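The values are calculated or read from the model by the stated rules, or taken from the named source; none is laboratory data. Being a predicted model, the structure only gives us computed values, none of them experimental. Neighbour counts run over all protein chains shown; Cβ positions are idealised from the backbone, glycine included. SASA here: full protein model, heavy atoms, side chains in, ligands and nucleic acids out. Shrake-Rupley method; radii C 1.70, N 1.55, O 1.52, S 1.80 Å.
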Amino acid sequence: MTDRSEVRRPGLSDRLGTGVCAIVLVLGAFVTGYVVVTGYVIEPDGPWDQQAVTNSRVAAGLGLALCALTALLTWVFAKAGWTRRWWYALPAACGVAALLRLTLLAP
């Protein structure tokens with residue numbers, strides 16, 4: 001059983017840290033999502049359009065790298081106790097979308 005004096009209540013610095021981390025992660029998710037969606041929007045005009053295929057692969061690859069960076073930031077923030085573990089869902093969803101574009105849904 002814990003004593004009431006042992007229960008730690010979040011202070012202003014904890015809430016500020018959580019807010020800053022949430023803003024960083026949301027901005028990272030928006031940038032990553034934009035890059036991944038750009039990879040999906042780029043469609044080649046035909047079999048001769050290798051430039052569009054290359055651009056789509058580059059966008060999906062960059063999106064995958066940004067997903068890894070966002071996941072690493074999420075891990076650091078969750079380890080510090082500023083964010084919850086459900087924040088891993090954002091980079092995981094973007095990572096799956098980028099991997100699908102690189103493999104199964106490639107142009």
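Select, from 84, 57, the only residue that is within 27 Å of residue 23 (Cβ to Cβ) and of a type in the set (Lys, Arg).
Numbers: 57 fails: within 27 Å of residue 23 (Cβ to Cβ).
Within the list 84, 57, the selection yields 84.
Anything in the stretch 76-107 that is without any contact (Cβ under 8 Å) to a residue 12 or more places away in the chain and among the hydrophobic types (A, V, I, L, M, F, W, C)? List them, or say none.
Selection gives 76, 78, 86, 89, 93, 96, 100, 104.
Output the residues belonging to the stretch 70-96 that are open to solvent by 30 Å² or more (accessible area, probe 1.4 Å) and within 25 Å of residue 43 (Cβ to Cβ).
Of everything in the stretch 70-96, those that are open to solvent by 30 Å² or more (accessible area, probe 1.4 Å) and within 25 Å of residue 43 (Cβ to Cβ) turn out to be 93, 96.
Can you pull out the residues in the stretch 30-44 that are free of Cβ contacts under 8 Å to residues at least 60 places away in the same chain and more than 8 Å from residue 59 (Cβ to Cβ)?
30, 31, 34, 37, 41 - these are the residues of the stretch 30-44 that are free of Cβ contacts under 8 Å to residues at least 60 places away in the same chain and more than 8 Å from residue 59 (Cβ to Cβ).
Which one is surrounded by the most Cβ atoms within 10 Å (Cβ to Cβ) among residues in the stretch 17-59 that are of a type in the set (Ser, Thr, Tyr) and within 21 Å of the chain's Cα centre (by Cα)?
For the stretch 17-59, the residue satisfying everything is 32.
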